[in-house]
Amino acid sequence: MAGPMSAVGRSIRFGVIGIDHRHIYDLIQGLLDVGATCAGYVEHTSDPKVLAGLKERFAQLPALARPEVLLEDPQIDLIVCAAIPAQRADIAITAMRHGKDVLVDKPGVTTAEQLLRVREVTAQTGRMFSICFSERHIVPAVQEALKMVRTGAIGTPIQTLGIGPHRLNAAIRPDWFFEASQFGGILVDIASHQIDQFLAFTDSTDAQVVHSHVGHYGDQLPHPGFENFGEIILQTPAHRGYVRVDWFTPDGLPTWGDGRLFVLGTSGSIEIRKYIDIEGRAGTNHLFLADGQGTRHIDCSTQPLDFFRQFASDVAERSETCMTQAHVFKVCELALQAQSLAMKRKELS
């Protein structure tokens, strides 16, 4: 097994187990970009299109038939995973018991029982269980806004308003995509992004779910039970947060979703248009700041990303500069609470 300091003094070496979602491309590329070395990926997938895309993008990486090849390699520090969401916890637990740190796509867990087991194994093994919340970690405008907020650019944060609309693309989705038992529900899955952002921007370690709702609206699918809309209200003693997520991005929008984040402070506000500025400026990563000096647009599209560099450093140095383990678990916990509360209210309605 790899020891706690195994990565210090050399490049991080990682293996890939779980390639069921296209987010795996971002995880692999992000680590390669900061000098990590990929030992290969296990070919098993529920979606052949993801495998084909991986082979096209990363033709140089070894394709493996068995996860044991990676798990039993003492030179591998990290396992990266974008498996079917319901399978991620078990893959992570197995990896940590083999002495590996773990980086998974969101959601990291889909049930409270999974979260309990992952917590126990991280405590037992001392390994790292981390989640790439891509709508913050690989969006330069959000990264830049967080730096601004933390240096007082808009005073004390009061509220975040995060929206995460997505295009459904039902015809190309694998079967598990429509099964709540496999992806955890819309709030566990998509809204984990906005919960992460609320905690980060308000510098909070805990929050209360005061309202949540999920539902199926319209007749867009032959899957009447599929949750295509969800919302959450979060609060701390000093902050409020609203979250809206959905699968209603129209085909006419030239990107998969008009994701936005608004941060209200005591002396200013920030709006981030992550992926598109509708009928406005071209490109992505638009940040709009309003403060006592006026208003301005900041193009963040060329800003370098910090996440993968910080994460690789944390793996090597056993530190938490990128994101604390407590934060990761709190996002999972709040997402599960919001989903559970919404389901209970749905049953009573």
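The values are calculated or read from the model by the stated rules, or taken from the named source; none is laboratory data. This structure is a prediction, so every number in the text was calculated from the model and none was measured. Counting neighbours? That spans all protein chains shown, and the Cβs are built from the backbone with ideal geometry, glycine included.
Here are the numbers for the structure shown:
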quantity: Residue identified as in contact (Cβ under 8 Å) with a residue 40 or more places away in the chain, under 30 Å from Gly252 (Cα atoms), over 19 Å from the mean Cα position of the chain (by Cα) and surrounded by 16 or more Cβ atoms within 10 Å (Cβ to Cβ) among Pro174, Pro140, Pro157, Pro165; calculated: Pro174
quantity: Candidate set: region 299-323, residues that are hydroxyl-bearing (Ser, Thr, Tyr) and in contact with a helix residue (DSSP H, G or I) (Cβ under 9 Å, 6 or more places away or on another chain); chosen: the one nearest to Ala145 (Cα to Cα); calculated: Ser301
quantity: Among the candidates Thr266, Thr295, residue that is in contact with a Gly (Cβ under 6 Å, 6 or more places away or on another chain), loosely packed, with under 13 Cβ neighbours inside 10 Å and not basic (Lys, Arg); calculated: Thr266
quantity: Exclusive hit being out of contact with any strand residue (DSSP E or B) (no Cβ under 9 Å at 6 or more places or on another chain) and surrounded by fewer than 15 Cβ atoms within 10 Å (Cβ to Cβ), set Ser349, Ser301; calculated: Ser349
quantity: Condition check for Ala52: without any contact (Cβ under 8 Å) to a residue 12 or more places away in the chain and farther than 22 Å from Ile138 by Cβ; calculated: yes
quantity: Which listed residue, of Leu289, Leu336, is among the hydrophobic types (A, V, I, L, M, F, W, C) and touching a strand residue (DSSP E or B) at 6+ places or on another chain (Cβ under 8 Å); calculated: Leu289
quantity: Flag for Arg260 being crowded, with 17+ Cβ neighbours inside 10 Å, at pLDDT 95 or above and within 23 Å of Asp105 (Cβ to Cβ); calculated: yes
quantity: Selection status of Thr151, touching a Lys or Arg at 6+ places or on another chain (Cβ under 7 Å) and free of Cβ contacts under 8 Å to residues at least 60 places away in the same chain; calculated: no
quantity: Single residue of region 227-243 satisfying the filter (touching a helix residue (DSSP H, G or I) at 6+ places or on another chain (Cβ under 8 Å) and in a strand (DSSP E or B)) that is surrounded by the most Cβ atoms within 10 Å (Cβ to Cβ); calculated: Ile232
quantity: Members of region 79-114 found to be in contact (Cβ under 8 Å) with a residue 60 or more places away in the chain, buried (at least 20 other Cβ atoms within 10 Å of the Cβ) and assigned to a helix (DSSP H, G or I), listed by number; calculated: Pro85, Arg88, Ile91, Ala95
quantity: Some residue of region 245-259 being of a type outside the set (S, T, N, Q), assigned to a strand (DSSP E or B) and touching a strand residue (DSSP E or B) at 6+ places or on another chain (Cβ under 7 Å); calculated: yes
quantity: Residue satisfying all of: in region 115-134; part of a loop (DSSP other than H, G, I, E, B) and within 19 Å of the chain's Cα centre (by Cα); surrounded by the fewest Cβ atoms within 10 Å (Cβ to Cβ) among these; calculated: Met128
